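Below: one structure, written as structure tokens.
Laboratory data are not the source of any read-out in this text; all were calculated from the coordinates shown. These figures come from a predicted structure and were not determined experimentally. Note: ideal-geometry Cβ built from the backbone for every residue, glycine included; neighbour counts use all protein chains shown.
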Amino acid sequence: MADITRGDIWTVTLEHHPKPRPALVVSIDPINDLLPDVLVIPITSVAGPLRVPIPNMAAQTGLNVPSHAKCESVGPIHKSRLKQRIGSLPSETWPAVETELKRVLGIRG
């Protein structure tokens, strides 16, 4: 399998969805290198609370429709469910993703 890096956007297969969906890898690279699971945030086309808009930069993100990082659904996924790396999150979007993750996890500061 290809290297998995924090900030990558991959298509993944989820148990509850019949077709591959995009997801953002948020776990740190040492975990991505050592463990069989990675932490991901699913990506959706539906806006909502705790969801971060992803810039419309298809050449970088690999996303062809307006998309949002679904931070309220962060969780682990086995690496075998990662199918194809399609892009990466623009660096200017990371602060918003981290803010929403802190809110979801109850981390202050």
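Just a few scattered comments:
- The lysines within cross-link reach of K19, meaning a Cα-to-Cα straight distance under 18 Å and a gap of 8 or more places when in the same chain, are K70, K79, K83.
- Residue exposure proxy: W94, W10, ordered by other Cβ atoms within 10 angstrom of their Cβ from fewest to most, comes out as W94, W10.
- Listed values [x] 1.23; [y] 0.99; [z] 2.51, entry calculated as Cα Rg over 2.2 N^0.38 Å: [y]
- Listed residues S80, S27, S88, most fluctuating in the chain (Gaussian network, C-alpha, under 10 Å): S80
- Anisotropy class of the stretch 22-73 from Cα gyration tensor, a/c 1.5 cut: oblate
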